[in-house]
1. Looking only at region B:73-88, which residues have a backbone nitrogen under 15 Å from a spot 7 Å from the Cα of B:Gln14 in the C-beta direction?
2. Read phi for every residue in region B:35-43 and hand back ³J(HN,Hα) as whole Hz from Karplus 6.51 cos²θ - 1.76 cosθ + 1.60, θ = phi - 60°, with x for Gly and Pro.
3. Given A:Lys11/B:Lys96; B:Lys26/B:Lys56; A:Lys78/B:Lys56; B:Lys69/B:Lys96; A:Lys78/B:Lys96; A:Lys11/B:Lys26, which pairs have Cα atoms separated by over 29 Å?
4. Taking only C-alpha pairs under 8 Å that are 6+ residues apart, what is the relative contact order of chain A in percent?
5. Within chain B, which is the longest segment containing none of the GluC sites (Glu not before Pro) that sit in a DSSP loop and have at most 14 other Cβ atoms within 10 Å?
6. Quick one: net charge of B:Gly16's neighbours, Cβ under 15 Å, K/R +1, D/E -1?
7. Rounded to whole Å and sorted largest first, list the principal axis extents of the Cα atoms in region A:39-98.
8. What does the accessible area per residue of region A:54-113 come to in Å², with a 1.4 Å probe and no ligands, DNA or RNA counted?
Amino acid sequence: GAGVSQTPSNKVTEKGKYVELRCDPISGHTALYWYRQSLGQGPEFLIYFQGTGAADDSGLPNDRFFAVRPEGSVSTLKIQRTERGDSAVYLCASSLEPPGVQNFGPGTRLTVL
Amino acid sequence: SQQGEEDPQALSIQEGENATMNCSYKTSINNLQWYRQNSGRGLVHLILIRSNEREKHSGRLRVTLDTSKKSSSLLITASRAADTASYFCAPTSYDKVIFGPGTSLSVIP
């Protein structure tokens, strides 16, 4: 069956621009997670959705970051006024229910020039 | 939620040898998971051990859990070059999973 997919796989943008990263979870998975991973580091938790609502957004670094999941399936991570420090791989994962096994997507590599 | 700390940070072994990685955490958990990440790719779930279990096997993987010491270990037996990857433990208490910095394993052919 289809796994978690993320688009785009790579995104290069200029400092100050707005970007949207998309995650398509496994069908039927109620929990969806966003992480950010820098080179040589473990995934850093950003936000977690249970259904349509953000159950925990404590990992979002500042108010430039926002995520939505309007219909309880696809999620979009939005970053405003990007900075060079936002460059990282953004990972999405879904699970049937928390805190179960997380199924990860391949990630989106974001580069801010 | 809490973060696991893996030890060692890096490990290099010869193909065929066993590799042991350790994980420590600080508070009570529902379960503990181990994940693998090949360079440049997403994480892959390896094994989940519940708090009432002490040992679990899956193929060449053996995981132990000692809740009294708040620690877990992952043993990979008869390692292969394809096992070269980063390994992360994820102690899970309620909802979200927090990853530590991981152990980077290199298996030399």
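1. B:78-81
2. Karplus values, whole Hz, x for Gly and Pro: 10, 10, 9, 7, 3, x, 10, x, 7.
3. Cα-Cα > 29 Å for A:Lys78/B:Lys56; A:Lys11/B:Lys26; rest within.
4. Relative contact order comes out at 37 percent.
5. Within chain B, the longest run free of exposed GluC sites (Glu not before Pro) spans B:54-109.
6. -1
7. 32, 25, 18
8. 45
The values are calculated or read from the model by the stated rules, or taken from the named source; none is laboratory data. Worth saying up front: this structure is predicted, and the values here are computed from it rather than measured. Because the Cβ atoms are built from the backbone with ideal geometry, glycine has one as well, and the counts that use them run over all protein chains shown. The accessibility values were calculated without ligands, DNA or RNA, using every heavy atom of the protein model including side chains. Shrake-Rupley method; radii C 1.70, N 1.55, O 1.52, S 1.80 Å.
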